[in-house]
Amino acid sequence: MAKPRNGISHRLFSLGSQFYALNLYTQSRIIRRPGAQFSGLLVCDEPVAFTSYDSLKRSGYVSTYLLQGGAADLHGLRNAPVQQIKQNDALYSAKIAHVALEELTDGVITAITCDIAAYVGGEGQSTLEARVVERVRVQPEIVVVNSGAHGMVRGGKGIYHDICPIDIGIDGMMGCTATITPDGTYDPEGRCDYCYAYGRNALPSLHTLYETSKLVDLIEEKIAQREINGRVFLRIGQNVETFIPREFREKYGLPNQLHAVLDAVIELRSRYDIDVTMPTKMPEFDVETADLLREARVSLLASVGYEVLEQGILKHGFDTRRRLDELLRFADADVQCGIYVATDITRPMSEMQDEAKYAVAFQLSHPKLGLQYLDMRIRNKKSLAPAISGQVWDELKCVDEDLFGNRSAWRKKGQFFVASKTHPDFLRYRNEREGDIRLCSTHVGKDEQSCGLCFVDRVKK
């Protein structure tokens, strides 16, 4: 039985003569790009087939690529054992659009259909419609989610850290905008490498639209579930990016999910006392959005991190400079704005990444913007530890204290390394510019933990 299809699964089938069919799955109608590990084996960069399938219980889409290589080339591929084609009977219907593949045509089609049959199961006769196309092209499909959308409204950071007041997190979609490329393909590797929600935001963002009224119901349900009395602290953009660039929305006919979220917050304000913050890596100014942010009384934060680990965001044109320039336009429109800098707070400020240093200088030039540092977490991926901490993963695996009782800079917490102490530079800078410079540090020792309130205390009431 095939594994369940999701945003990051794939299957590799042998076609003989060192050719392979790579099946990549989605639950939305969109072409999915193969991971970097397959780049050296691709016969061409575009898919050779795109399939939609439907059964009584399961449906979805398959992007199929053609690979070529020997056993040595395939050695070391992550989670990609070669499958042998085995036909199974199952009740489903499928439509395949494929390029001309000569003698490989039957093998590719069979690799697709046998995989679908193993996944959907059941007994019966399948129906198949296959057609040859010059190039595989797919118009991304918008899927409105009205049921099963509870994952877009969840408990906030305050559930895990007593010092954090955020009660509820709201996402405009289940998947992150960073996973959709400007040309309308789905690339799971576009996710920011250091994202704490890396494992949750693998789905294409086009699969997760919903109406304002439904969102209001979900938030009120969560308020009641958490038994919140008094002020409610909301965060827009809990696990994924909520902004979708205007050019991209217009190209693919997407509504503005952020406006739906802000409309919901505005409606809730008539019944609740609410604080709202919204961190984003893709702030894009327009007058209507600025008006809604002011009316919803949102504290907007432009998130600055490590561009080398944010490739999906950069493909949409939102480097650090653009994020801050767009943020300043919102601030000039009287929206409460701040800069949210994710960095290694265990080292001197002089050793911060260039993006963080640029943000500090930008804030000094535009003092109407506050700046809040966020202590970084490092998940177990080889590229992260050196980029963030200057040390490799194995070097971080040290005891929490040395023989003299000195705490190490990092400690293991679950699947992450987290900062265990704050360098005096950050504490000194915060104290020198009290109110304008703040810290969001929840993993350090209790005596150093800090909450900057995401500047919601500066929002005009």
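All of the numbers you see were taken from the coordinates with simple rules; none came from a lab. Everything quoted here is computed from the prediction, not taken from an experiment. In this analysis, Cβ positions are derived from the backbone assuming ideal geometry, glycine residues included, and neighbour counts consider all displayed protein chains.
Residues whose amide H comes within less than 5 Å of that of LEU15, counting only those at least five positions distant or on another chain, are TYR20, ALA21 (H built at 1.01 Å from N in the peptide plane). Applying the Karplus relation 6.51 cos²θ - 1.76 cosθ + 1.60 with θ = phi - 60° to the range 38-48 yields 3J(HN,Hα) values of 9, 4, x, 10, 5, 5, 8, 6, 9, x, 8 Hz, where x marks Gly and Pro.
Tally Lys/Arg at +1 and Asp/Glu at -1 over every other residue whose Cβ is under 10 Å from the Cβ of LYS460; what's the total?
Values: positive: ARG294, ARG297, ARG458, LYS461; negative: ASP334.
Here the count lands on +3.
Here is the P(r) of the range 37-124: all C-alpha pair distances, binned every 5 Å from 0, give 3, 13, 22, 21, 21, 13, 6, 2, 0 in whole percents.
Is it possible to state the helix-based mean residue ellipticity at 222 nm for the chain, with each DSSP H run of 4+ residues giving -39500 (n - 2.57), the sum divided by total residues, to the nearest 500 deg cm²/dmol? What is it? Don't skip to the answer; put the middle values down first.
Numbers: 12 runs with 112 residues, N = 461.
After summing the helix terms and dividing by residue count, I get -7000 deg cm²/dmol.
The angle separating the long axis of helix 287-296 from the principal Cα axis of greatest extent in the chain is about 60 degrees.
Relative contact order for the chain using alpha-carbon pairs under 8 Å, separation at least 6, rounded to a whole percent? Show your work: numbers first, answer last.
Numbers: 963 pairs, mean separation 50.9, N = 461.
Rounded, it is 11 percent for the chain.
Each Lys and Arg contributes +1 and each Asp and Glu -1, all at the Cβ; summed about the Cα centre of the chain, the dipole is approximately 700 debye. Taking only the Cα atoms of the chain, the radius of gyration and Dmax are 24.1, 74 Å.
Please compare each pair in LYS157/LYS461; LYS315/LYS368; LYS357/LYS460; LYS421/LYS446 to a cut-off of 18 Å on the Cα-Cα distance and tell me which ones are over it. Mind dumping the intermediate values first?
Details: LYS157/LYS461 24 Å; LYS315/LYS368 29 Å; LYS357/LYS460 29 Å; LYS421/LYS446 10 Å.
In this structure, LYS157/LYS461; LYS315/LYS368; LYS357/LYS460 lie more than 18 Å apart at Cα.
Distant-in-sequence amide contacts of ILE31, defined by a placed amide H-H separation under 5 Å and a gap of 5 or more residues or a different chain, comprise TYR186. Along the chain, the longest continuous region that contains none of the GluC sites (Glu not before Pro) in a DSSP loop with at most 12 other C-beta atoms within 10 Å is 228-461.
Against the main long axis of the alpha-carbon atoms of the chain, helix 257-268 sits at an angle near 50°. Taking every DSSP beta bridge that has both ends in the chain, the antiparallel portion is near 50%. Using the Cα centre as the reference, give the magnitude of the dipole from point charges on the C-beta atoms of the range 10-132 (Lys, Arg: +1; Asp, Glu: -1; all else neutral), rounded to the nearest 20 debye. Rounded to the nearest 20 debye, it is 460 debye. Against the longest alpha carbon principal axis of the chain, how many degrees, from 0 to 90 and to the nearest 10, is the axis of helix 105-120 turned? Compared with the principal axis, the helix lies near 60 degrees.
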